[in-house]
Amino acid sequence: MKLLFSSLALAAVLASPAALAAQQVALQTSMGRIVLELDDARAPGTVANFLQYVREGHYDGTVFHRVINGFMIQGGGMTADMKEKPTRPGIRNEASNGLKNAAYTVSMARTPDPHSASAQFFINVADNDFLNYREPTTRGWGYAVFGKVVQGKEVVDKIKAVPTATRGQNEGVPLQPIVIQKAEVLNK
């Protein structure tokens, strides 16, 4: 009987809204606050990687260094003086998880190597179907969606509209740095 009660109590805790709540991360930027809800059920490795960078303070003081209105805003890897921060090795691409690169979703940035995503991420500001997974080939892997903006869409809209220029080899660099002042996990 005691075991049955313990099992029922555990089941009640696991079924509670707090236990089922998706992880959320707040990005306090120089233009306002953005809250991301992460989908660890469909992108567990990507979410774990992102959360580790958040908890380590990696994103604090980085900028949205690539802003292309009608496409996406990218950040998480450069300081305001456009110096790239060191990262851990790339992770396995989880783009085949069924999530789509729709407006206000968040995805991992990567090099042409499909499994090279590390810290940089982007927020889609349009439906970018051409970034979705098609097949496990170099051209078909796509970009892994791992969450969505649940608060601060107006901040994303302000960021996507800032004036940009080419700086060195980097295109779409905001003329005034848009700093991620602090990234923090909201529901630990």
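Only helical DSSP H runs with n ≥ 4 go in: add -39500 (n - 2.57) per run for the chain, normalise by residue count and round the 222 nm mean residue ellipticity to 500 deg cm²/dmol.
So the helix-based figure for the chain works out to -6000 deg cm²/dmol.
So what is the accessible area of the stretch 53-188 per residue, in Å², with the probe set to 1.4 Å? Write down the numbers at each step before the final one.
Working: 6720 Å² over 136 residues.
In whole numbers, the stretch 53-188 has 49 Å² accessible per residue.
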Checklist outcome for this item: Carbon plus sulfur, as percent of the 1.4 Å-probe accessible area of the chain, comes to 56 percent
Checklist outcome for this item: Sorted largest first, the Cα spans of the stretch 82-172 on the principal axes come out in Å as 36, 29, 21
Checklist entry - Using modelled backbone amide H atoms (1.01 Å from N, in-plane), which distant-in-sequence or interchain residues come within less than 5 Å of Met72's amide H? => result Val125
Next on the checklist: Can you tally the net charge around Phe64? Count Lys and Arg as +1, Asp and Glu as -1, for every other residue whose Cβ sits under 12 Å from the Cβ of Phe64.
Outcome noted: +3
Item to check | Amide N of the stretch 120-157 lying under 16 Å from the label point, which is placed 7 angstrom from the Cα of Leu186 along Cα→Cβ | outcome: 147-156
Checklist entry - In whole angstrom, how far apart do the alpha carbon centroids of the stretch 117-188 and the stretch 31-92 sit? => result 8 Å
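From the mean inverse distance of alpha carbon pairs (Kirkwood) and the Cα radius of gyration, derive Rg over Rh for the stretch 17-128. All intermediate terms of the calculation are to be shown ahead of the outcome.
Numbers: Rg = 13.7 Å, Rh = 14.6 Å.
With Rh from the inverse mean 1/r over Cα pairs, Rg/Rh is 0.93.
The values are calculated or read from the model by the stated rules, or taken from the named source; none is laboratory data. Since we're looking at a predicted model, the values are computed, not measured. All Cβ positions, glycine included, derive from the backbone under ideal geometry; neighbour counts span all protein chains shown. Note: areas computed on protein heavy atoms with side chains; ligands, DNA, RNA excluded. Shrake-Rupley method; radii C 1.70, N 1.55, O 1.52, S 1.80 Å.
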